[in-house]
Amino acid sequence: MISSISQAPMARTASQQGPTIDSPEVIAARVAKAVANGGTYEDPALGSVTITEIPEPLITQRAFVERQIGYNKDAGRSMNIMEKELGKISAMIAKRRPDIAGSQWDFKLVAGKFKVSGLDEDDAKWLEGKLNANDKLVDAAKSFITTAVAALETTEQTPAHVDYNYLTRRMETYDFSKVADQLSEKLYFREMFRDADSIFDSKRIALEDGSRGTAGLNVAANRLTVNSAPIERMGAFYSTRYVTSQT
């Protein structure tokens, strides 16, 4: 049986039976997945949902989704390089400075240079020298920040919207400005890797670049201050129509 479903906050099937469609932002997320999958999305409650009419604003949303997928992959590649180089540095610390090997030090990128926290001044300067001497690590960190700015800064191409954050496990408002400045102050990389691994455990499974980057960018977004009050629906989404085959 085929029935129409409109994108109203409490829309129901035409027969007024069956499951109630969720909030507008959740509907929008379903539309995004359908667009990304070529027009269909398997909903566990509704069955196979197919978009039958995609207005022009959703074509713009398709480009938005494709860009975000690209950003996730770019961020993941940067994270993989960083992790490899950090492994080398950790091994060096264990040999040369076992006294600080177990310390809870961390580092962030400030004006293109690593700044270490969690150690006394002399030890921090020594470790900063080692970190900043690793060109691959520096370049990968810069690349990650560049990707995070492109993915998270509110612009005409990346409008303020609501999206699911895998770290908080909630729909969150994505409306950020001065992302580079905020990350230079708030994003510590070892902490980022720990939090990212709480989303997708890279120690147990081999992650594709996109999954790794998704986790990292979700952590980065969690560090940012939102510009506006919570948004009730995804700004990049507009009304459309669906059909669903009921089971």
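The alpha-carbon of Lys136 sits under 20 angstrom from the alpha-carbons of these lysines, leaving out residues fewer than 8 places away in its chain: Lys73, Lys84, Lys88, Lys108, Lys113, Lys115, Lys125.
Suppose R0 equals 30 Å; then what is the FRET efficiency for Lys95 and Asp181 from their Cβ-Cβ distance, rounded to the nearest 0.05?
Efficiency at R0 = 30 Å is approximately 0.25.
Taking a Cβ cut-off of under 15 Å around Phe176, the surrounding Lys, Arg, Asp and Glu residues balance to a net charge of -4, with basic ones at +1 and acidic ones at -1.
Going by how many other beta carbons lie within 10 Å of each one, how would you line up Arg170, Arg77, Arg96, fewest first?
Arg170, Arg96, Arg77
Length gained on full extension, Asp197 to Thr225, computed as 0.36 nm times the residue gap minus the Cα-Cα distance: 7.8 nm.
None of the figures in this text is laboratory data; all of them are computed from the coordinates on show. Just so we're clear, the structure is a prediction, and the values are computed from it rather than from any experiment. Glycine also receives a Cβ, built like all others from the backbone with ideal geometry; neighbour counts cover every protein chain displayed.
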